[in-house]
Each structure stands twice: as C-alpha cells, then as structure tokens.
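*Asks:* Supplied in structure tokens, the structure appears directly below.
The values are calculated or read from the model by the stated rules, or taken from the named source; none is laboratory data. Everything numeric here is computed off the predicted structure, so don't read it as measured data. Note that each Cβ is placed from the backbone with ideal geometry, even for glycine, and that neighbours are counted across all protein chains shown. Just the protein is used for accessible areas: all its heavy atoms, side chains included, with ligands, DNA and RNA removed. Shrake-Rupley method; radii C 1.70, N 1.55, O 1.52, S 1.80 Å.
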Amino acid sequence: MAKIKIETQKGDIVVRLYDETPKHRDNMLKLIGEGYYDGTLFHRVIKDFMIQGGDPESKGAPAGKHLGAGGPDYTIEAEIKPDLFHKRGAVAAARESDNVNPERESSASQFYIVYGRRFNDSMLDDVQLKLDKNTGGTVKLTPEIREAYKRLGGTPHLDGQYTVFGEVIEGLETVDSIQWVETDKNDRPIEDIKIIRATVIK
C-alpha cells in the first residue's frame, strides 16, 4: 500500500493511493520521486466542491495568471472503477473534457481532492438522472454509495467519468481550510496555497 504526504502552509495531507488503479498510483509515485509537485500551487479551489493542484506552470506564477493547462506530455489511460467514487477525501485525476477526450484519459500530473457536500435521498435521485445521461446508464449509486454521500458528503455527479485513485486518510481538515480561501474569477486562490513538498511515506 502506497502512502504520500502533501505538505502545505495550511497543514499536511496524507493520501493512500489505491492498488486498484496501478497506472495512476505508479505515475504519482514517480512524479513525487522527481520532486515534480514541490513548489506548485493548489491553483483551482471551489468551496463545497474540490481543491485542484499539479500544474507545473503554477510554480512561481504571477498573481492573477490563469493556470490549469500544464503537465507532462503524456496522459494516463482511465482506470475508472465503480467502487471507487467521489466521497469526501477522494483523490482523482483531472482531465480534458469529453468532447476532446472521449476515452476520458487522465492528466499526467493534475489531480483534485474532493470536499463536496452532504446529500439527501431526493438530491441523490436527481444526481442519478444526470449520471444516467452522462454515462449511458452505466453508473449506479448503490445503497452503500448513497449512504456514504449522505453521511460523509462528496461530489457524486462526477462518478464514472474521472479516475479516483486514492483517498485522504489524514488531514481532511487541511482540505477543508483550503476550500474556504478567497479566490479570483478563475477560482485561483488570491493568496497562493503552495505544495511545499510532496513525499512518499515509507
């Protein structure tokens, strides 16, 4: 089982990477070993939704610069699994939209950590209708998954469309504090939220 630590000025976040998504796990371990994330920003933050990082162009980026297009010159084959879903604390790979990326391949470096919100049954019924449309009826919110969204919260409308490859096991309060920061019109925090260092926990 691989674990990583993301150090920020708001606190540390410890993530367990899933063995069920080996391509994403191994790629992240490789990038962390290269120091790829050190000094990058959480460049996109949306309250009650998620925090996103991993753009190498965010290192030392001037205030107000629009970020989110950077990364290595390769993508990762999707490893979307029905039992790995967008509960609060889930770590998933960002990607280009379906119209240019119908295979839903992942960005090689950009990831997001879900915060989301809690749902009730009627809200989840509405989400299921959207999922039916966006996934051709292939993604179902099972009773167990619905219970997690009611109890923990998350972002169920993304299920089946992005690769979830890990989860926060320590430091969810850090994710919470980051999602509250003030942002500009591009959802970039006004005050930089930097990944000081990302390391593999032995």
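*Asks:* Go through region 102-111 residue by residue and turn each phi into a ³J(HN,Hα) via Karplus (6.51, -1.76, 1.60, θ = phi - 60°); whole Hz please, and just put x for glycine and proline.
*Replies:* x, 7, 6, 5, 8, 4, 6, 10, 7, 9
*Asks:* Return the subset of 59/133; 59/150; 87/185 for which the Cα-Cα distance in this structure is over 28 Å, preserving the input order.
*Replies:* 59/133; 59/150
*Asks:* Now for a separate question. Quick check: with the 1.4 Å probe, what order do 152, 129, 124, 158 take by accessible area, largest first?
*Replies:* 129, 152, 158, 124
*Asks:* What is region 94-179 by shape, rounded, prolate or oblate, if you read a ≥ b ≥ c off the alpha carbon gyration tensor as root eigenvalues and call it rounded for a/c under 1.5, prolate for a/b larger than b/c, and oblate otherwise?
*Replies:* Since a/c reaches 1.5 but b/c is at least a/b, the shape of region 94-179 is classed as oblate.
*Asks:* Which of the helices in the chain, when you take each full DSSP H run, stretch at least 15 Å along the axis at their Cα atoms and have an average Kyte-Doolittle score of 0.0 or higher?
*Replies:* Both cut-offs are met by no helix.
*Asks:* While we're here: Which order, highest average first, do 31-37, 50-56 follow once you tally other Cβ atoms within 10 Å for each residue and take the mean per peptide?
*Replies:* The peptides rank, most packed first, as 50-56, 31-37.
*Asks:* Moving on. Scan [x] 22.3, 64; [y] 15.5, 43; [z] 16.1, 46 for the value of Rg and Dmax of the Cα atoms in Å calculated from this model and give just the label.
*Replies:* Working out Rg and Dmax of the Cα atoms in Å from the coordinates points to [z].
*Asks:* Still on this structure, I have one more. Filter the GluC sites (Glu not before Pro) in region 100-202 down to the DSSP loop ones having no more than 13 other Cβ atoms within 10 Å, then list what survives.
*Replies:* Answer in residue order: 103, 182, 191.
*Asks:* Taking a ≥ b ≥ c as the square roots of the eigenvalues of the Cα gyration tensor of region 132-202, is the shape rounded (a/c under 1.5), prolate (a/b larger than b/c) or oblate?
*Replies:* Because a/c hits 1.5 or more and a/b exceeds b/c, region 132-202 counts as prolate.
*Asks:* Within region 38-195, what whole-number % of the accessible surface is contributed by carbon and sulfur, with the 1.4 Å probe and all protein chains included in the calculation?
*Replies:* Heavy-atom surface of region 38-195 belonging to carbon and sulfur, 1.4 Å probe: 49 percent.
*Asks:* Where does each of 70-80, 16-26 land if you order them by average Cβ count within 10 Å, highest first?
*Replies:* The most tightly packed comes first, giving 16-26, 70-80.
*Asks:* Need the C-alpha centroid separation for region 50-64 versus region 110-136, integer Å.
*Replies:* 26 Å
*Asks:* Ignoring everything but the protein chains, give the 1.4 Å probe accessible area of residue 138 in square angstrom, nearest 10.
*Replies:* 110 Å²
*Asks:* When a/c is below 1.5 the answer is rounded, else prolate if a/b is larger than b/c, else oblate, so apply that to region 1-112 with a ≥ b ≥ c taken from the square roots of the Cα gyration tensor eigenvalues.
*Replies:* rounded
*Asks:* Sticking with this structure for a sec: Using amide H atoms built in the peptide plane, which far-off residues or other-chain residues are under 5 Å from residue 193 H to H?
*Replies:* Under 5 Å from the amide H of residue 193 lie the amide H atoms of 42, each far enough along the sequence or on another chain.
*Asks:* 222 nm [θ] for the chain, helices only, -39500 (n - 2.57) per DSSP H run of 4+, per residue, to 500?
*Replies:* -6500 deg cm²/dmol
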